[in-house]
Every structure is written in C-alpha cells, then in structure tokens.
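Presented below is the structure to which this report refers.
Bear in mind these aren't lab numbers, they're just calculated from the coordinates by the rules spelled out. All figures in this text were calculated on a predicted structure; none of them were measured in a lab. Here the Cβ is made from the backbone with ideal geometry for all residues, glycine too, and neighbour counts use every protein chain on show.
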Amino acid sequence: MTVQSPAQPPGTTPGMPSRAGVSTRPAPELPSFAQRSPMKPRSGWRRRLTKLDEKAAPYAYVSPFFVLFGVVGLFPLLYTAWVSLHKWSLIGGKGDYVGLKNYGDVLAQPYFWNALKNTVSIFLLSSVPQVIAALLIAAALDSGLRARTFWRMGVLLPYVVAPVAVALIFSDLFGDKFGLVNHLLGLVGIDPVQWHKDVLPSHVAIATMVNFRWTGYNALIFLAAMQAIPRDYYEAAMIDGAGRIRTFFSITVPQLRATIIFVVITSTIGGLQIFDEPRMYDQYGLGGADRQWQTLTLYLYQLGWTQKNFGRAAAVAWMLFLIVIVFAIVNFLVTRRIASKGQR
Amino acid sequence: MTSRSTRIGAPAVPSRHVVLATLTASLLALSACSSASGGDSPSTQVGSTSGGEQVTLTLATFNQFGYEELIPEFEKSHPNIKVTHKKAATSNEARDNFFTRLSAGSGMADVEAVEVDWLPEMLQFSDKFTDLSSADVQGRWLDWKAKAATDAEGHLIGYGTDSGPEAICYRSDLFKAAGLPSDRESVAKMFGNTWESYFAAGKQFKAKSKVPFFDSIGATYQGMVNQLEAAYENPSDDAIRATDNAAVKKVYDQVVQAGIADGLSAKLQQWGDDWTASYQKDGFATMLCPGWMVGVIEGNAKGVKGWDVANTFPGGGGNWGGSYLTVPKQSAHPKEAQQLAAWLTAPEQQIKAFQKVGAFPSQKQALESQDLLAFKVASFNNAPTGQIFADRAKAVTITPYKGTHYFAINDAMQQALTRVEQGAAPQESWDKWVADVKALG
Amino acid sequence: MSTSTLRRGSRLVRRTQASPTAYVILAVVLVGSAFPLWWSFVIGSKDSAAIVQDPFSFIPGGHFLQNASTVVTTIPFWKALGNSIFVSTTVALFVVLFSAMAGFAFAKLRFRGRSGLLVFVIATMAVPTQLGIVPLFIVMSKLGWIGSLWAVILPSAVSAFGVFWMTQYLQEALPDELIEASRVDGASTLRTFWSIALPAARPGAAMLGLFTFIATWTNFFWPFIILDPGNPTLPVALQQLQAAYFVDYSLVLNGVVLMALPLIVLFVFAGRQLVAGIMQGAVKG
C-alpha cells in the first residue's frame, strides 16, 4: 500500500480514502472475468478486446471534454486567429486579408503596452498577497479548531456573493469624494486617496476586490492538501523541537508543492485575464480616463466593441493568450524552484 | 446623446450594457454572414390575415412605457387581437435581445420598442422592418422625432412614443441662499438662452456661493455638442471630420473655460458613485435636465428640498432619450402589429402613459393637451413640468448626425474631459483625443 | 492499519494545539468575508429614502421582508430560481463527470499523446473568454439554442480547471497499485473507472462540484447575452431591478441577498458533509 515516504510529495491530495474504502472492495469481484474464459480461441478474442480497451479507452475518457471543448473553446480560438489576419469590422464583417498587420498596429500603440503594464501590476498586487494569505488561513484552519465547519464555510462566504454585487459594493466604498474608505481615512487624519485618478491606488482597489473574492477559495484548496500531509511528520518535527513556524516552512510548504503550483498557475491564468473588476470600477468601464487601470482584456474590449475593430481585438486576444502561457510556464518553473528549495 | 443615455438604463454597471449592446449589434453582422453561407433564409413574412381571424401579437418593451392598462383597452376595441406584453428591464437589455433576434432571423416580437440611441444602428437594417408610413399617422409627431426614424428611402420605420426634451434643473434654495432670484421665471431669464449667458449666470452664482454650478463638463459638453448638426462625421460619406471640425474645438474650449478655469464644475462624472452621493451633499446647483431626469433627481435627492426646473435651454432645444415602436418583417401579422403600434402611439394613449409613468409625449397634438399642460411635480416646488417640457420639445430643431464612429469618438471625448477634470492640461488632453481618433482607422 | 492509528493519534496531539492566534486570524477573516453580504443585508432592509440619506449606517432597517416581496413580484423570481437550480446542478454534474473521466485517463492510463494533451488542456484555460463570445454566439445560433438554458449549460460544462484539478487529485488519491491490480484481474477500464476511480475521486469531486455550482450560480455575462428576459437565471433576472432611471439600491441589494440565500442554505445543509467529508476523508484513511 502507499505509505508515503517523505520524499514523495502528496500534492493536492485531500485524502487517501481509497485505502480504506476501495482497496478491500474490488478484489473479490474482479477475478470472475478472467476465470470465466475456458475456451482457448475465445480467450484470444478476449485478449484482443482487452488490448483494444486499453488502447482506446483513454481516448474515450478524455473525449467528452475535448469534443465539447472543440465546439465551445477551440472553434472560437481558431475563429479568432482567422479574424486577426483580416481587416474585420464588427458591424460590417470580414474585409481584406492583411496578414500580421493587425498585430503590428496594436504593438505600435502605446496603449497596448500600458495595458500590459497595468495587467501585470494588478496581477502581482492580487496574486502574491492572495497566495500568502490563503496559506496562512489554511494553516489556521488546519489546527484543531472548534466548530471547524463554521470556519471553513465562513472563509468561502465571499465566493457566494456574485461578482457584480462585489463590484457594486466595493466601487461605492472606493469613491473619491464620498466613499467610506476615504471617510475612514479622514477620521484618522489621512488625506483622501484619489482612487480613480492615480494609477497605483486604482490598482490596489481593484486587487482588493479580487483578493476578497478568491482568498478563501484558495485557502480551502490549500487546506484540503494540508489535511493529506501525514501527521507523523509534524510529530517527528515536534519531537526534534521545531517550532510552529519552522514546521510550517520545513514541512507544510514543501509538502504542498504541487498544490501551490496548481494555485499559482490557475491564478496566473485568471489574474492576467482580469476583466469584471476593472470594468465595473467606474461607470464607463474602459479603464479610466487616462487608462490608469485599463487591462489587456479591457483594451481588447475597447478595440472590439467600442471601436468595432474586431480584427485588432482578435490580435490582442491572441497575444494575450501567448502572454498568459509564457507567464504560466515561468511561474511554474519559479514556484517549483522555491517550493522544492524548502524541501531540501 | 448615444453614449450618455445608453448609460441611463442601469447606472450601476452601465459600461457592460454599452458593451453588450454594441456586441449584439455586431453579432448581427457576424451571423448575418454566417447564415448567408448556411443558406437558411429568415424571410418568414406571411401575408396579413383577413378581418375576422383571431390573432395573438407580442409586444416587446423595456423600462416603463406605461402600457399595462392600455393593452386591455386595445383588446376590448379590437376583439380579434390578443396582446402578450414582454418587458425587458433596461433599454440596453432590450437592445441586446433585439439585435440578437434580428440577426438570428427569428424570435422577434410583432411590435418591438426601439430607443432613439440605437435607432441609427437599427436603421442600417431598415429593410428588415415594415415601412409604417400611412396617411393616418402623417404629421402625428414632432418633425425631428419622425425624421429620425425615417430611412434613406423615405420609409418610416418606427412610430414615436416618448421623448426627452431638455430644460435646466436647479436648486432654488441654493440660489436663494446666494441672494439671487430663485423663482423659475427669473432663473430662466438669468440663464438666458445661450451657453454664454448660462455660464455667465454661473459666474454670478459662484461669486456668492461655495457650491459648484453644474455637475460636470462632460455632461454639459454633451448638451452642447448635440446641437451641432454634424459634429464628428460627414453625413454624406460618414468620413471622420471630428478633429478638423472647428465647432467641436470651440465647444471643448468653451466648456473647459467655464468648468475648469472659471471653476463652475463640480467635477462629478454622471452616474458615478460620487455623483449619486452628491445629491445629499449640495454637490452642485444646476444640471442639464431632460424630462425623465426629474425622477432621477427625486430619487437621489430624497429629503432635499429646493429642486426646480427653469423653462429654458441654452443654444436652442435639445433632446435626450425617447423611443419608437417598430414592426419587424419577421412578424407573421404585420398589419395587426401596425394597428397596435399606431394605436399605442396615438396622442390620447401617450398622454395616459405620461400621467401614469411620466413618459413625455412626442406627438404634436399631445403637447397641446390640457391634461399634459396642467401636470405638476410636487417635490419640484410644484413645477408645471408638463408645460415646461412641452415648450422645450417645440424648441428642438436639430437632428444631429451620428455615424458609425460616433460612439468611439464620443467616448474618447468624454475621457478627455474627465482627464481635464482630474487635472490634465486641456490642450494636452485634446491632443490625446486627436491621437485617439486618428488611431481608430 | 498501524499507520492509520498512528495518524489518528497525532491528530489528537495537534488538536490540542489550536492556538488563540488561529482564532484571531480567522475571526478577522470572517468579519471581512461577511462584510459585503452584511452590507447588502443592511441596505436591503431599508427603504430607499433611508439609504440615500444615511449611506454609512451599519444597522439594518425593518423593511427586509417588504423589499423581498417587492423583488419577488417585480421580476420572474421563482422561474429564475428554478432555472438557476437546474442550470447550476446540471453544469456541476457534467463538469464533475467529464473532469473525473478525463482526470482518470490523464492520471492513471497510459496512452499516446497523453502529456501533450494535458498541456493542451491547461493551455485552454489561457484562452481569453471575452473574445470567444462572438464565435460562441454563432455556434448557439446554428444550434437554434438562443434563449435556451442549454446554451448556458453547454459552454460551462467543459472546464479545463476541472480536468486539471481531477488529474492532480487522482494522481495522488488513487494508488497505481490498485489500477495495476484491477488490470491484472482483467477488469475493463470502464469497470476500473466506475468502481475504483470514481469512489476514490469522491472528495475531490465534491469540492469541484461545489465550486462549479457556485460559479455557475453567480455567472452573469454569457447568460445575460443568450437568455430571454422572460426565461432568465437569477443574476439575469435580478439585473431587471436596476431597470428604472433611478435605481433603488435597497431592492438591488435585497436581491443580492436573496440570490445568496440558497447558497448559504446549501452550505448549512450540505456544507458540513461536503467540507467535513472532504477534509476528514483524508484523516480517517
């Protein structure tokens, strides 16, 4: 059975229920198949069938995903690629083939680079604190608490509030003149922050919305994985006299390596595509009068739907796609590095 | 005022609506070409039914048209027709559905309401709608109202319902506190009927009060630019002329001078959270004010006394908002649908709708009606809004041309004005706008 | 079995360690987490005059039920509720099933192109969704599904996140030895999947199902485009509360609370099982 050796990280595994539940069960049922094949020629046929099953089945299992994805994911992606190579008006439809001109046009616009900068900045402001906070919360949840379910469901509360409502509430809080945040800052003698004028404050406000909604969610994912860390490790560490903080860094973090990678990758992908929050941050939804918080997706939207230049918007979509992939790979490598360092 | 009034529908998250609305408009084009290649033809037009046959019509509206009690009345007088009323919340949502179904070639109601802001877009596809012109309704509407719904071939595509003639709303209590005349006649005189005189009144007010004179230069600009016949594009070939149009630059300079240099603007962008909150905090003393804005002010300014309406509008008349009823060719009963639309937009019915929900009529005859002219709003010092907006409606003379780039250019302009209110140098912000427009290509 | 006893023992050791710091951290987090919902409740329980006049009050008013009944009668609430339950449940089931299947294959079966396909799945998450809407609309138009709930279900039923999640999960939760044993025994992959992989996947699947259900429940953008105002899901229906020229936020935020309520009920009834089950499955083993 799989008694985990310390060298083998358990990853995202919330549990090993298979050990207790399943391992005992299937054994008596399964042999019947093999025993019920007395005739030699049939067993050849059967073997071939089994072979076929082994060869084909994996594809059958992944096929529902890929078939559906082909319709609702791949087709749009390829369609977008095709659009990006044409002059294409949203109202007027397809125009001439222009090769990579849309890409060149977009790269030559300073707004593209501004949007890229904003995207990365908001992404860093949201994902880094988020992962750290989620780890801390998960660790707190992982200690023997009273009323565990209450606390666990509690941290998931922000997730049940619709993003539209979150944006509605938070944009009210961050009003420049009459918002609650500036009101409170005023009480302690701090000048009002220009949340909708200055670049960094606007990024902080938007990152706050993101962090609000996703920190608890990620904490639960971490918690699930923490629960799978064999308790003996902690015991051993404690016998060695390691403190709480040391065990956290020398056992918990390395053991969560795969989960951390998972969370970092998914939040990279989500974070770079951030759309709802910046869009609903003011009443115009274009990322600020001076594009202070215009992210790449907002830029894409402005090109496509305000300017009706679908060709350029498609080009941005494809570049964003490539940027996200590059970021995901870099993050994967970096995270793996950091997490495995702790292990050594 | 496309960009602004598209936002009225849902001030909280309006940007989405703008985006969605434009989106569906464009979906239309996209699936129009896809369905052309697919070869499925949406022409389901059936010859109109003859008299006695029982017919069920669907009517699609949005927001509040005030038709709830009119429909049973219509059914009573037209026993062979039953009406199902489908109501969308916002005009933007309706617009979305409208274009979605138009592009899909099916699923539209027999009578579809269309807001003035998406009318130009819709007119590009006027061949998909029944020509409603008929002797019965000839001359029913104010000229500009009917003209806006007439396509290049002279077909009347929509019957006008309500409209949004603009006056100026103001805080009489603040005027009084500043030692200025505060009754609506004197204030109207003080505002005068040019932008120069309105801004001069602002300076007079500013000398005696700490409260800013108007809400934002963006909103004020919108009222001004809408009086230019062809601000951004040439009506003849739709080519962009915005950056070379001296009239646009003049309006820009004038509003920036008044709002920023002379300090008249509260710098509160319309529909923003600060703007909404400012009604409770003496945020500003006046604003450009179409008829339906009275309800917005009433809601936001609950408990605040002193709002009133001055019967004037600088630079001539102005209109903001209003709708039409159309009959898509998809309808299987175009004749009965036209009957319904004609009946609902008749002056008698529109007056009832006005009394019910405040949808201000666009019919000439309705503007003469005593029921309308006697209408007053209690929370606005009993202002005779019926009379005032009737006068304002008659003052509207210009139907500004809005082409395919209007939306993007005007949005960029609103951003430019916001930048100025946030402290950018006016010339710098203008140059940025010019660059933005040039980059549209 | 000895490991398991040992672990249970050490669990006890740790339970005594729950420090006050943990409670303090969690209490702060909980207050922050509950704030917007509380705020919505506060606003949603006042009349519209009270909220414009005193926007920073944290004490609820007495109009919650009155506002709620206005909300329920203004919009097709019950129809929308039914639609939302149907759509969210169906999507959650599809996502869990398809993801478990694909995750099983990726985690435990050997086949040509496996790692390539897995990378491809992860890459699909990087596709910016905003632009996909136009081609997706064309697909739905071709299928004749405009206005249909299936037009909402289908695009959500494919979740690269889910596949990624189940792959990671099964990799650890399902020992290779078990798969090997069942193969040696001559079981078909279908049987292996059904009686070995699925039960092993249950805790991970429960969590994925919960997350998917909530995400679908709160999804607005695409349903808003594709659905009829007469046949909406809850977020689409609630949007109608922002209809008038003057928006009454007491109703809008009342609606926000009403929409969150079923999820909170779900938490209360299923939450204990879901969360406790997920977490304790790990320890009990």
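At a glance:
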{"read-out": "Distance (nanometres) between label positions extended 7 Å along Cα→Cβ at C:SER19 and B:GLN138", "value": "9.1"}
{"read-out": "Lysines whose Cα lies under 20 Å from that of A:LYS55, excluding same-chain neighbours fewer than 8 positions away", "value": "C:LYS108"}
{"read-out": "Gain on full stretching of the segment that runs from B:GLN257 to B:ASP244 - 0.36 nm per residue minus C-alpha separation", "value": "2.7 nm"}
{"read-out": "Residues whose placed amide H lies under 5 Å from that of B:PHE129, excluding near-sequence neighbours", "value": "B:LYS329"}
{"read-out": "Within the protein assembly as shown: Cβ-based charge dipole about Cα centre, in debye rounded to nearest 20 (Lys, Arg +1; Asp, Glu -1)", "value": "4980"}
{"read-out": "Cut-off of 10 Å, at most 12 other beta carbons, DSSP loop: longest stretch of chain C lacking such chymotrypsin sites (Phe, Trp or Tyr not before Pro)", "value": "C:59-285"}
{"read-out": "Residue mean of other protein chain beta carbons inside 10 Å, B:140-149", "value": "0"}
{"read-out": "Pairwise centroid distance, computed over Cα atoms, of the range C:53-103 with the range C:160-205, Å", "value": "34"}
{"read-out": "Calculated Rg and Dmax of the range A:102-343 using C-alpha coordinates, Å", "value": "20.6, 67"}
{"read-out": "Residues C:LEU97 and A:VAL326, FRET efficiency given R0 of 30 Å [Cβ-Cβ distance, rounded to 0.05]", "value": "0.35"}
{"read-out": "Computed Kirkwood radius, in angstrom, where 1/r is averaged over Cα pairs of chain B", "value": "22.8"}
{"read-out": "Ordering of B:381-388, B:69-76 by packing [mean C-beta count within 10 Å, highest first]", "value": "B:381-388, B:69-76"}
{"read-out": "Rg [Å, one decimal], Dmax [Å, integer] - the protein assembly as shown, C-alpha atoms", "value": "31.5, 112"}
{"read-out": "Check: chain B dipole with +1 on Lys, Arg Cβ and -1 on Asp, Glu Cβ, in debye", "value": "1080"}
{"read-out": "Selection from C:LEU174, C:VAL134, C:VAL95 lying farthest towards where the dipole of the range C:75-243 points positive, charges on Cβ", "value": "C:VAL134"}
{"read-out": "Karplus-derived 3J(HN,Hα), 6.51/-1.76/1.60, for each residue of the range B:394-402, Hz, glycine and proline x", "value": "5, 7, 6, 10, 9, 10, x, 7, 10"}
{"read-out": "When each of B:LYS145/B:LYS352; A:LYS308/B:LYS329; A:LYS308/B:LYS145 is checked by Cα-Cα distance, pairs over 22 Å", "value": "A:LYS308/B:LYS329; A:LYS308/B:LYS145"}
{"read-out": "Calculated FRET efficiency for the pair C:PHE58/A:LYS117, C-beta based, R₀ 35 Å, to 0.05", "value": "0.40"}
{"read-out": "Proximal lysines to B:LYS302, defined as alpha-carbon separation beneath 16 angstrom and excluding residues fewer than eight positions away on the same chain", "value": "B:LYS281, C:LYS46"}
{"read-out": "Counting all C-alpha pairs of the range A:38-84, share separated by more than 15 Å (%)", "value": "63"}
{"read-out": "Whole-number Å³ per residue for the convex hull built on Cα positions in the range C:36-155", "value": "199"}
{"read-out": "Value at 222 nm in deg cm²/dmol, rounded to 500, when DSSP H runs of n ≥ 4 in chain C each add -39,500 (n - 2.57)", "value": "-23000 deg cm²/dmol"}
{"read-out": "Neighbour-limited loop hits for GluC sites (Glu not before Pro), the range B:216-310 (at most 15 other Cβ within 10 Å; DSSP other than H, G, I, E, B)", "value": "B:GLU229"}
{"read-out": "12 Å beta-carbon shell around A:GLY311, net charge (K/R +1, D/E -1)", "value": "+3"}
{"read-out": "Signed unit charges on C-beta, dipole axis of the range A:38-84, positive-most listed residue A:VAL71, A:ALA57, A:TRP45", "value": "A:TRP45"}
{"read-out": "Förster radius 25 Å - calculated FRET efficiency between A:ARG48 and C:ASP176, Cβ distance, rounded to 0.05", "value": "0.50"}
{"read-out": "Relative contact order [Cα under 8 Å, 6+ residues apart], chain C, whole percent", "value": "31"}
{"read-out": "Share of alpha-carbon pairs per 5 Å distance bin for the range B:133-217, given as whole %", "value": "3, 11, 19, 15, 7, 7, 9, 10, 9, 6, 3, 0"}
{"read-out": "All-pairs Cα distance distribution in the range C:60-106, expressed in whole percent, bin size 10 Å", "value": "23, 26, 21, 16, 11, 2"}
{"read-out": "Cα-Cα over 24 Å, subset of B:LYS147/B:LYS394; B:LYS176/B:LYS376; B:LYS189/B:LYS267", "value": "B:LYS189/B:LYS267"}
{"read-out": "Paramagnetic reach from A:ASP191 (point 7 Å along Cα→Cβ, amide N under 20 Å) across the range B:248-284", "value": "B:267-268"}
{"read-out": "The range B:339-388: trypsin sites (Lys or Arg not before Pro) in DSSP loop, at most 15 other beta carbons within 10 Å", "value": "B:LYS376"}
{"read-out": "Trypsin sites (Lys or Arg not before Pro) within the range C:50-147, DSSP loop, no more than 10 other Cβ atoms inside 10 Å", "value": "C:ARG110, C:ARG112"}
{"read-out": "Cut-off under 5 Å, modelled amide H: who pairs with A:HIS86 long-range", "value": "A:VAL98"}
{"read-out": "Calculated from backbone phi, Karplus (6.51, -1.76, 1.60) coupling profile of the range A:262-271 in Hz, x at Gly/Pro", "value": "4, 5, 5, 5, 5, 7, 5, 5, x, x"}
{"read-out": "Dipole of the protein assembly as shown, positive end: most advanced residue of B:GLY223, A:VAL193, A:ILE269 [Cβ charges, Cα centre]", "value": "A:ILE269"}
{"read-out": "Relative contact order %, the range C:75-243, counting alpha carbon pairs below 8 Å whose residues are six or more apart", "value": "45"}
{"read-out": "Mean Cβ neighbour count within 10 Å, used as a protection proxy, ranking A:96-104, B:141-149 highest first", "value": "B:141-149, A:96-104"}
{"read-out": "Helix-only [θ]222 nm of chain B, DSSP H runs n ≥ 4, -39500 (n - 2.57) each, per residue, nearest 500", "value": "-12500 deg cm²/dmol"}
{"read-out": "Value of relative contact order over chain B, rounded to a whole percent, pairs C-alpha under 8 Å and six or more apart", "value": "24"}
{"read-out": "Global form of chain C, assessed from the alpha-carbon gyration tensor, a/c cut-off 1.5", "value": "oblate"}
{"read-out": "Whole-Hz couplings from phi, Karplus 6.51/-1.76/1.60, listed for the range A:182-188; x for Gly and Pro", "value": "5, 4, 5, 4, x, 4, 9"}
{"read-out": "Simple spin-label estimate for A:LEU124 and B:GLN124 in nanometres, 7 Å along Cα-Cβ", "value": "4.1"}
{"read-out": "Neighbour net charge for B:LEU268 - beta-carbon separation under 11 angstrom, K R +1, D E -1", "value": "-2"}
{"read-out": "Anchor B:LYS128: aspartates and glutamates whose Cα lies under 18 Å away (excluding residues fewer than 8 positions away in-chain)", "value": "B:ASP40, B:ASP96, B:ASP110, B:GLU112, B:GLU115, B:ASP151, B:GLU153, B:GLU336"}
{"read-out": "For residues of A:170-183, the mean tally of beta carbons on other chains within 10 Å", "value": "5"}
{"read-out": "Percent of alpha-carbon pairs separated by more than 17 Å within the range A:231-293", "value": "62"}
{"read-out": "Shielding by other protein chains, A:76-83, mean Cβ within 10 Å", "value": "5"}
{"read-out": "For the range B:227-291, Kirkwood radius (reciprocal of mean inverse C-alpha pair distance, Å)", "value": "14.3"}
